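Engineer: Once you've had a glance at the structure underneath, I'll fire off some questions.
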Amino acid sequence: MAQSTYTSELARELAPDVLDRFLRYVQIDTQSARERSGSPSTQGQLELGRVLVDELRQAGLADARLDDNGYVTATLHATDGSDNVIGLIAHMDTTPDAPGAGVKPLVHRGYDGGVIELPRAGTRLDPATMPELVDKQGQDIVTSSGDTLLGADDKAGVAEIVAAVAYLAAHPELPRPTLRVAFTPDEEIGEGATLFDIDGFGASCAYTLDGSDIGELQDETFAAFELTATVRGVDVHPGQATGKLVNALRIAAQILTALPSDGLTPETTSGREGFIHPYSLAGSASEAQLRAIVRDFDETRLRELVELFERTADDVLAEHPRARVHIDVHRQYRNMRSYIAAFPQVIEAAEEALRAEGIEPVRTPIRGGTDGSRLSEMGLPTPNLFTGGHEYHSVREWASVNEMAAAAATIVRLADVWTRVGEVVSAG
């Protein structure tokens, strides 16, 4: 008999439902917008929210609702009298960093281990450059058509949660605590937790489904700032500019060029190394903006990177005395490790659930952030679990159906574990 590509029979049973939901969700354009004037920042997130409310109600979660700020919440009540209330969270938006409208998902059944050629834009998934693909032979792989995101970040997590709670609702004989579900907007622009009603949510701890590789269990993230350097120059008609024009766009470009490029960048760092990542340069001769994100696991090193950016800008501006620069420093999130460490049973329960599904926990820090970064700081300890999605924020994004099913099965196991774990006293 051929070896199963599923982690358990439960995962195999859940796989069709997880996939069906995922394929529906990714075709709804939910890209968030960096210039946010309200919550959510885009209407597509509300469209997906309404779909999710309908599906949760159909599954038996009668209180499912979409609030005015674009948050979906619902409750699956306990079957065993447990006092625990455990949260399950994923985000509905997708990144604005790559094309996200008109997603056409493709399912590649029984992946043969070779290069996957996508039909558009010459996009290819090659295991020679994507080591995560190497051990996926025999699994079912989902991709976009090659010219858009897929949306596995984080619609894989959304599909896994909905499929898992629907399964639990249909099997009342399975022990479970009260499960609170939340789907958030605008996580990709750092706003997913901004209007999250922790008191109304009522959970003592939660888990985001927003990771990647199978087995990931993460209680540590980068700490993060966003920096915006606004350069103001002196504008004048270019035909009369001699000795008068001070070109703000050119000066902003000089700051960008002066920042480290042979280190302290995302492409030259790994593990626990931090970075400065310029991601936008725009403007005119009179005013220009350079935007960057700064990341590190350690607060002291993070502040040093911010200071390096500020010194670099000041050094460049010293050569242009008639120009001015203002740097806005915006805190996005903190490393959630210190907030979760006080509640070891939250991690221990997840480890037990993973092992019950036949998966060995993989404890790695996240070189990024999740809603859990801010939620943990706000008083709701929220580590992160895997989803089976890969190559996020690119047109090469893909997901393993088998791993998505394993994540959904892990949620079912987690519900069982929490019927035997003592009550968590919330940090809030």
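Engineer: Does ARG334 fit the bill of being modelled with pLDDT under 95 and open to solvent by 40 Å² or more (accessible area, probe 1.4 Å)?
Structural biologist: yes
Engineer: Do you know which residues across the stretch 337-367 are buried (at least 17 other Cβ atoms within 10 Å of the Cβ), farther than 30 Å from LEU10 by Cα and not aromatic (Phe, Trp, Tyr)?
Structural biologist: Result: ARG337, ARG367.
Engineer: Got a sec? Which of GLY110, GLY49 is at pLDDT 95 or above and assigned to a loop (DSSP other than H, G, I, E, B)? Spell out the reasoning first.
Structural biologist: Details: GLY49 fails: assigned to a loop (DSSP other than H, G, I, E, B).
It is GLY110.
Engineer: If I ask for residues that are part of a helix (DSSP H, G or I) and among the polar types (S, T, N, Q), which ones from the stretch 338-390 would you list? Even if it seems obvious, please write down each step before you answer.
Structural biologist: Step one: list which residues in the stretch 338-390 are part of a helix (DSSP H, G or I), which gives 338-340, 344-356, 371-378.
SER338, GLN345, SER373, SER376 - these are the residues of the stretch 338-390 that are part of a helix (DSSP H, G or I) and among the polar types (S, T, N, Q).
Engineer: Let me ask another. Being within 24 Å of the chain's Cα centre (by Cα) and open to solvent by 40 Å² or more (accessible area, probe 1.4 Å) is the filter here; which residues of the stretch 119-131 pass it? Step through it out loud before you land on a result.
Structural biologist: Start the filter on the stretch 119-131 by keeping residues that are within 24 Å of the chain's Cα centre (by Cα), which leaves 123-127, 129-131.
Matches in the stretch 119-131: ARG124, THR129, PRO131.
Engineer: Next question. Looking at ASP416, is it surrounded by 24 or more Cβ atoms within 10 Å (Cβ to Cβ) and among the charged types (D, E, K, R)?
Structural biologist: On the way: surrounded by 24 or more Cβ atoms within 10 Å (Cβ to Cβ): no; among the charged types (D, E, K, R): yes.
So ASP416 fails the test.
Engineer: When the stretch 200-246 is examined, which residues are found to be of a type in the set (Val, Ile, Thr) and either within 16 Å of the chain's Cα centre (by Cα) or outside any strand (DSSP E or B) (or both)?
Structural biologist: THR208, ILE214, THR221, VAL236, THR242
Engineer: Can you name the residue in the stretch 53-111 that is of a type in the set (Gly, Ala, Ser) and open to solvent by 30 Å² or more (accessible area, probe 1.4 Å) and is also nearest to GLN43 (Cα to Cα) among such residues? Outline the logic, then answer.
Structural biologist: Within the stretch 53-111, the subset of a type in the set (Gly, Ala, Ser) is 59-60, 62, 64, 70, 74, 78, 81-82, 87, 90, 98, 100-102, 110.
Still in the list and also open to solvent by 30 Å² or more (accessible area, probe 1.4 Å): 60, 62, 78, 81, 101-102, 110.
Working: GLY60: 26, ALA62: 24, ALA78: 34, GLY81: 39, ALA101: 13, GLY102: 15, GLY110: 36 Å.
Result: ALA101.
Engineer: Going by the conditions given, is ILE116 among the aliphatic types (A, V, I, L, M), buried (at least 17 other Cβ atoms within 10 Å of the Cβ), in contact (Cβ under 8 Å) with a residue 12 or more places away in the chain and in contact with a Pro (Cβ under 8 Å, 6 or more places away or on another chain)? Steps first, please.
Structural biologist: Numbers: among the aliphatic types (A, V, I, L, M): yes; buried (at least 17 other Cβ atoms within 10 Å of the Cβ): yes; in contact (Cβ under 8 Å) with a residue 12 or more places away in the chain: yes; in contact with a Pro (Cβ under 8 Å, 6 or more places away or on another chain): no.
It is false that ILE116 is among the aliphatic types (A, V, I, L, M), buried (at least 17 other Cβ atoms within 10 Å of the Cβ), in contact (Cβ under 8 Å) with a residue 12 or more places away in the chain and in contact with a Pro (Cβ under 8 Å, 6 or more places away or on another chain).
Engineer: Suppose we filter the stretch 264-318 for residues that are touching a His at 6+ places or on another chain (Cβ under 8 Å) and either surrounded by fewer than 13 Cβ atoms within 10 Å (Cβ to Cβ) or over 18 Å from ASN335 (Cβ atoms) (or both); how many remain?
Structural biologist: Going through the stretch 264-318, the residues touching a His at 6+ places or on another chain (Cβ under 8 Å) turn out to be 265-266, 292-295.
From what's left, either surrounded by fewer than 13 Cβ atoms within 10 Å (Cβ to Cβ) or over 18 Å from ASN335 (Cβ atoms) (or both): 265, 292.
Residues in the stretch 264-318 being touching a His at 6+ places or on another chain (Cβ under 8 Å) and either surrounded by fewer than 13 Cβ atoms within 10 Å (Cβ to Cβ) or over 18 Å from ASN335 (Cβ atoms) (or both): 2 in total.
Engineer: Here is a follow-up. Determine, yes or no, whether ARG21 is open to solvent by 70 Å² or more (accessible area, probe 1.4 Å), in a helix (DSSP H, G or I) and of a type outside the set (Asp, Glu).
Structural biologist: Numbers: open to solvent by 70 Å² or more (accessible area, probe 1.4 Å): no; in a helix (DSSP H, G or I): yes; of a type outside the set (Asp, Glu): yes.
Here the answer is no, as ARG21 does not meet what is asked.
Engineer: Same structure again: Pairs please, first residue from the stretch 356-369 and closer than 28 Å to GLU273 by Cα, second anywhere and charged (D, E, K, R) and in a loop (DSSP other than H, G, I, E, B), Cβ atoms under 7 Å, 6+ apart in sequence or on different chains.
Structural biologist: Pairs found: VAL362/ASP213; PRO365/GLU220; PRO365/ARG272; ILE366/GLU220.
Engineer: Follow-up question, since we're still on this one. What's the total number of residues in the stretch 265-302 that are more than 22 Å from the chain's Cα centre (by Cα) and within 24 Å of ARG34 (Cβ to Cβ)?
Structural biologist: The total comes to 10.
Engineer: Could I ask something else about it? Here are some residues: ARG272, ARG291, ARG322, ARG301. Which one is within 30 Å of ARG363 (Cβ to Cβ) and in contact (Cβ under 8 Å) with a residue 40 or more places away in the chain? Before you say what the answer is, go through the steps one by one.
Structural biologist: Details: ARG291 fails: within 30 Å of ARG363 (Cβ to Cβ); ARG322 fails: within 30 Å of ARG363 (Cβ to Cβ); ARG301 fails: in contact (Cβ under 8 Å) with a residue 40 or more places away in the chain.
That would be ARG272, the only listed residue that is within 30 Å of ARG363 (Cβ to Cβ) and in contact (Cβ under 8 Å) with a residue 40 or more places away in the chain.
Engineer: Which residue, of THR148, THR178, THR184, is in contact with a helix residue (DSSP H, G or I) (Cβ under 9 Å, 6 or more places away or on another chain), within 28 Å of LEU66 (Cα to Cα) and polar (S, T, N, Q)? Reasoning before the result, please.
Structural biologist: On the way: THR148 fails: in contact with a helix residue (DSSP H, G or I) (Cβ under 9 Å, 6 or more places away or on another chain); THR178 fails: in contact with a helix residue (DSSP H, G or I) (Cβ under 9 Å, 6 or more places away or on another chain).
From the options THR148, THR178, THR184, the qualifying one is THR184.
Engineer: Scan the stretch 116-166 for residues that are in a helix (DSSP H, G or I) and within 14 Å of GLU397 (Cα to Cα) and jot them down.
Structural biologist: In the first step, residues of the stretch 116-166 are kept if they are in a helix (DSSP H, G or I); the result is 131-133, 152-166.
Selection gives PRO131, GLU132, LEU133, ALA152, ASP153, ASP154, LYS155, ALA156.
Engineer: Go through (1) hydrophobic (A, V, I, L, M, F, W, C); (2) crowded, with 24+ Cβ neighbours inside 10 Å; (3) under 18 Å from the mean Cα position of the chain (by Cα) one by one and return the number of the condition VAL395 breaks.
Structural biologist: (2)
Engineer: Related question: Before we move on, is ASP68 in a loop (DSSP other than H, G, I, E, B), free of Cβ contacts under 8 Å to residues at least 24 places away in the same chain and over 14 Å from ILE161 (Cα atoms)? Step through it out loud before you land on a result.
Structural biologist: Values: in a loop (DSSP other than H, G, I, E, B): yes; free of Cβ contacts under 8 Å to residues at least 24 places away in the same chain: yes; over 14 Å from ILE161 (Cα atoms): yes.
Here the answer is yes, as ASP68 does meet what is asked.
Engineer: Then there is this: Find the residue count for the stretch 132-152, including only residues that are open to solvent by 50 Å² or more (accessible area, probe 1.4 Å) and within 21 Å of the chain's Cα centre (by Cα).
Structural biologist: As a first pass, look at the stretch 132-152 and keep what is open to solvent by 50 Å² or more (accessible area, probe 1.4 Å): 132, 134-135, 137, 147.
Narrowing further to those that are within 21 Å of the chain's Cα centre (by Cα): 132, 147.
The total comes to 2.
Engineer: Which of the residues belonging to the stretch 187-205 are in contact with a helix residue (DSSP H, G or I) (Cβ under 7 Å, 6 or more places away or on another chain) and either modelled with pLDDT under 95 or more than 17 Å from LEU66 (Cα to Cα) (or both)?
Structural biologist: Taking the stretch 187-205 and keeping what is in contact with a helix residue (DSSP H, G or I) (Cβ under 7 Å, 6 or more places away or on another chain), we get 187, 192-193, 196, 198, 205.
Within the stretch 187-205, CYS205 is the sole residue that qualifies.
The values are calculated or read from the model by the stated rules, or taken from the named source; none is laboratory data. Not measured: the values here are computed from a predicted model. Cβ coordinates were reconstructed from backbone atoms using ideal geometry, including for glycine residues, and neighbour counts include every protein chain displayed. Ligands, DNA and RNA are excluded from the accessible area calculation, which covers all protein heavy atoms including side chains. Shrake-Rupley method; radii C 1.70, N 1.55, O 1.52, S 1.80 Å.
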